[in-house]
Amino acid sequence: MPITEVEKIWMDGELVDWRDATIHVLSHALHYGSGVFEGIRAYETPRGAAVWHLDEHLHRLARSAKLYHLDIPFSHEALAEATKDVIRANRLDACYIRPIAFRGYGEMGVNPLLAPVNVTIAVWPWGAYLGEEALEQGVRIKISSWRRNGPNSLPSAAKATGQYINGVLAKIESLKAGYDEAIMLNEQGSVTDGSGENVFIVRGGVLTTPPIQAGCLDGITRVAVMTLARDLGYEVTQENLVRTDLYNADECFFTGTAAEVTPIREVDDRVIGEGHRGPVTKELQGAFFAATKGENEKYASWLTYVNA
Ligand code: PMP
């Protein structure tokens with residue numbers, strides 16, 4: 001999806017012009033994938049732009065950094081302020097937010113510990129990740145022939161740049177085969193997640209999503225949707241799923257910061273339910289978007305207002 005350029009990017013403590021936010025070709029992270037990042041959204045509300053689950057995203061960034069012994073030279077509070085600053089500087093009502101902390105320029109070789117750490121936060125307007133029509137019609141997915149990296153090879157607990165090359169393989173395969181997205185199984189054959197989304201199924205009114213120990217990312221939208229579903233009276237379980245659990249589900253959907261709540265209408269050419277967004281998915285989407293827009297007081301603490 002093309003990036004819509006805006007004016008400023010926050011780079012190591014300063015707001016710089018979009019075009020000046022560049023790094024050296026010998027930066028460590030470019031060669032060895034040694035960066036950790038987040039994907040966050042800010043939504044338009046009657047009180048201006050509000051960042052969805054900002055603290056949770058910054059906590060996950062800190063956990064990813066810890067795993068790779070990468071010391072982020074800015075505090076949680078400084079990064080939260082920087083996020084609000086860069087949204088204000090670009091006068092955006094709603095946007096995608098991409099913070100990244102990475103090993104920069106100065107050292108070559110796999111050892112990352114001596115390379116400097118750079119931190120940037122970019123924001124830009126970004127629509128529905130899998131397409132606007134996908135939010136209603138749903139997407140067609142393929143179970144990838146590529147397995148999700150296990151927790152003892154590349155830890156799914158971390159959102160690290162290099163780890164995404166696993167999802168890149170799966171995404172390419174699914175697109176080349178004519179699907180919209182891939183779901184990866186782990187080495188044991190259990191469902192993990194999409195290349196950038198967590199997966200849920202609905203069976204007899206019960207929601208099930210794989211446990212994070214299956215190897216999926218500890219998605220922030222996943223947790224929010226589990227809470228919204230329970231608050232609406234649904235039972236929600238975390239259980240290992242095999243691919244036929246997806247084929248036989250009444251409904252199936254993705255969650256993710258970029259994908260939000262996107263219905264899955266086909267898995268490996270098997271039509272799921274009625275072949276379009278099911279009633280439970282629709283209800284959860286409604287609850288999700290109401291909360292993001294600040295329309296439900298119950299979830300007020302999930303939003304950080306940029307102009308507060
Ligand atoms: N799984 C993977 C592999 C992802 O990259 C993402 C996006 N960060 C997700 C799941 C969804 O996580 P979140 O809801 O925190 O965006």
At a Cα cut-off below 19 Å, give the lysines reachable from residue 8, other chains included and same-chain residues fewer than 8 away excluded. 84
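By how many nm would the segment from residue 85 to residue 59 lengthen if fully extended, with 0.36 nm per residue of separation less the alpha-carbon distance? Write down the numbers at each step before the final one.
On the way: separation 26, 0.36 × 26 = 9.36 nm, distance 1.89 nm.
Result for the pair: 7.5 nm of gain on full extension.
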Using only DSSP helix segments of four residues or longer, with each worth -39500 (n - 2.57), what per-residue ellipticity at 222 nm results for the chain after dividing by its residue count and rounding to 500? -8000 deg cm²/dmol
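Could you tell me what percent of the accessible area of segment 134-292 is made up of carbon and sulfur, with a 1.4 Å probe and every protein chain present?
Values: 3040 of 6070 Å².
The value for segment 134-292 is 50 percent carbon and sulfur by accessible area.
Which of rounded, prolate, oblate describes segment 126-216, given a ≥ b ≥ c as roots of the alpha-carbon gyration tensor eigenvalues and a/c under 1.5 marking rounded, otherwise prolate only if a/b is larger than b/c?
Values: a/c = 1.65, a/b = 1.20, b/c = 1.38.
Cα axes put segment 126-216 in the oblate bin.
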Quick one: net charge of residue 6's neighbours, Cβ under 13 Å, K/R +1, D/E -1? +1
Taking the alpha-carbon distance from residue 282 and a cut-off under 14 Å, which aspartates and glutamates remain once sequence neighbours fewer than 8 residues away in the same chain are dropped? 133, 136, 250, 251, 260, 274
Could you give the dipole magnitude of segment 152-210 about its Cα centre, charging the beta-carbon of Lys and Arg +1 and that of Asp and Glu -1, in debye to the nearest 20? 40 debye
Electrostatic dipole magnitude of the chain [Cβ: Lys, Arg +1; Asp, Glu -1; Cα centre; debye, to 20]: 400 debye
Is segment 1-79 rounded, prolate or oblate when judged by the Cα gyration tensor, a ≥ b ≥ c being the square roots of its eigenvalues, rounded requiring a/c under 1.5 and prolate requiring a/b larger than b/c? oblate
Excluding same-chain residues fewer than 8 positions from residue 176, which lysines have a Cα within less than 27 Å of its Cα? 142, 159
Where only C-alpha atoms are counted, convex hull volume of segment 1-150 per residue in Å³: 151 Å³
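Counting each pair of different Cα atoms once, what's the Kirkwood radius of segment 134-292 in Å, rounded to one decimal?
Numbers: mean 1/r = 0.0654 Å⁻¹.
The answer is 15.3 Å.
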List the trypsin sites (Lys or Arg not before Pro) within segment 206-308 that fall in a DSSP loop (any state other than H, G, I, E or B) and whose Cβ has at most 15 other Cβ atoms within 10 Å. 293
Solvent accessible area, Å² - residue 247, 1.4 Å probe, full protein context: 40 Å²
Roughly speaking, what % of Cα-Cα pairs in the chain are separated by over 24 Å, rounded to a whole number? 53 percent
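Quick one: net charge around residue 82, please, counting Lys, Arg +1 and Asp, Glu -1 for every other residue with C-beta under 12 Å from its C-beta. The partial results should precede the final answer.
Details: positive: 8, 84, 88; negative: 12, 14, 77, 81, 85.
Taking every other residue near residue 82 into account, the sum is -2.
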Solvent exposure of segment 1-159 as accessible area per residue, Å², 1.4 Å probe: 50 Å²
Projected onto the charge dipole of the chain (+1 at Lys/Arg Cβ, -1 at Asp/Glu Cβ, origin at the Cα centre), which of 120, 51, 69 gives the Cα projection farthest towards the positive end? 69
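The values are calculated or read from the model by the stated rules, or taken from the named source; none is laboratory data. The model shown is predicted, which means the values in this text are computed figures rather than measured ones. Reconstructed Cβ throughout: ideal geometry from the backbone, glycine too, with neighbour counts over all protein chains shown. Accessible surface is based on the protein model in full, side chains and every heavy atom, while ligands, DNA and RNA are left aside. Shrake-Rupley method; radii C 1.70, N 1.55, O 1.52, S 1.80 Å.
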